[in-house]
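The values are calculated or read from the model by the stated rules, or taken from the named source; none is laboratory data. Given the structure is predicted, the values throughout are model-derived calculations rather than measurements. Here Cβ is always computed from backbone atoms with ideal geometry, including for glycine, and neighbour counts include all displayed protein chains.
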Amino acid sequence: MKISIIGSGFVGTALGKGLIELGNEVIFYDIIDKDMPNFTFTKDINHAIESTNISFICVPTPTTPEGIDLSYIKEVAKNIVGLDPRIGKYGSVHGKAFGGECLPKDLKAFVSFADKYRNVRLLKAVDEINEEIREKYGVRE
Ligand SMILES: NC(=O)c1ccc[n+]([C@@H]2O[C@H](COP(=O)([O-])OP(=O)(O)OC[C@H]3O[C@@H](n4cnc5c(N)ncnc54)[C@H](O)[C@@H]3O)[C@@H](O)[C@H]2O)c1
């Protein structure tokens with residue numbers, strides 16, 4: 001698997017090295033230069049994201065008196081959505097809902113069937129969110 005690590009600090013480096021040991025191809029990215037002679041490091045976020053299948057975000061999440069500061073994560077997520085052609089149009093919450101003939105109908109039918117045996121909360125949430133997105137952004141053709 002090709003994996004990018006966004007934020008090559010303490011956690012990102014440890015995670016990336018572990019993933020390499022497991023046989024993955026890892027590319028490290030950071031906004032500041034990192035001296036990582038035996039590893040693939042880039043300061044080009046386009047390259048890091050587009051050349052890999054999965055990105056792990058390992059940036060700071062400092063605690064403030066108001067709570068956790070998620071601005072670093074938001075900044076990276078914004079970049080990823082903007083840069084990766086695989087995300088955005090269809091993949092992000094700003095994409096359109098899934099439609100088609102069968103999937104929405106089958107999902108509802110499956111939820112209704114499975115609900116008799118167990119609470120399929122995840123599938124219900126998928127259906128609910130899809131309906132919300134359908135109203136806001138329409139259906140993917
Ligand atoms: N260090 C720990 O023991 C530990 C344990 C559990 C969880 N965590 C969590 O893991 C996350 C990362 O922590 P850490 O200790 O690795 O932090 P760190 O400060 O060592 O590394 C963060 C890295 O992110 C980089 N960075 C900042 N903004 C960036 C951006 N926009 N794009 C790319 N890189 C960016 C910084 O330059 C830095 O190299 C935090 O959420 C932290 O709370 C840390």
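Among ILE27, ILE6, ILE20, ILE31, which is more than 22 Å from LYS78 (Cβ to Cβ) and at pLDDT 95 or above?
Numbers: ILE27 fails: more than 22 Å from LYS78 (Cβ to Cβ); ILE6 fails: more than 22 Å from LYS78 (Cβ to Cβ); ILE31 fails: more than 22 Å from LYS78 (Cβ to Cβ).
Going through ILE27, ILE6, ILE20, ILE31 in turn, just one is more than 22 Å from LYS78 (Cβ to Cβ) and at pLDDT 95 or above: ILE20.
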Do you know which of the residues in the stretch 3-31 that are more than 7 Å from the ligand (Cβ to nearest atom), touching a residue at least 40 places away in the same chain (Cβ under 8 Å) and closer than 17 Å to THR61 by Cβ is surrounded by the most Cβ atoms within 10 Å (Cβ to Cβ)?
-> ILE5
Would you point out the residue of the stretch 32-42, among those that are surrounded by 14 or more Cβ atoms within 10 Å (Cβ to Cβ) and away from the ligand (no atom under 13 Å from the Cβ), that is nearest to the chain's Cα centre (by Cα)?
-> THR40
Given (1) within 9 Å of the ligand (Cβ to nearest atom); (2) out of contact with any Lys or Arg (no Cβ under 6 Å at 6 or more places or on another chain); (3) hydroxyl-bearing (Ser, Thr, Tyr), number of the condition SER55 does not satisfy | (1)
